[in-house]
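What follows draws every value from the coordinates through simple rules; no lab data is involved. From a predicted model like this one, the values you see are computed outputs, not experimental measurements. All Cβ positions, even for glycine, are placed from backbone atoms using ideal geometry, and neighbour counts span all protein chains on display.
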């Protein structure tokens, strides 16, 4: 069974803080996955694309599970 959820502007505004937390946590997990696998990442620094080697990836390995991912308010 799949549930289709229509995203409205109001819903995005009401959930902006939770969405930001969820996205930040997902990015930290992706960065850590790349670092652990030994894969470089591409990022934007000073107006140009820069490739960071795994040991240069700035991710706090100790702070991944401490934050709450956030929940979405789908009522409305």
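Structure above, values below:
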read-out	value
Percentage relative contact order, the stretch 9-56, counting C-alpha pairs under 8 Å, at least six apart	24 percent
FRET efficiency for residue 9 and residue 49, using Cβ-Cβ distance with R0 set to 35 Å, rounded to 0.05	0.60
Residues 49, 27, 59 arranged by fewest to most Cβ contacts within 10 Å	49, 27, 59
Sorted by Cβ neighbour density within 10 Å, fewest at the top, the residues 18, 2	2, 18
The stretch 9-56 pair-distance distribution - Cα-Cα, 5 Å bins, rounded %	5, 19, 17, 17, 16, 12, 10, 5, 0
For 25, 48, order by how many other beta-carbon atoms lie within 10 Å, fewest first	48, 25
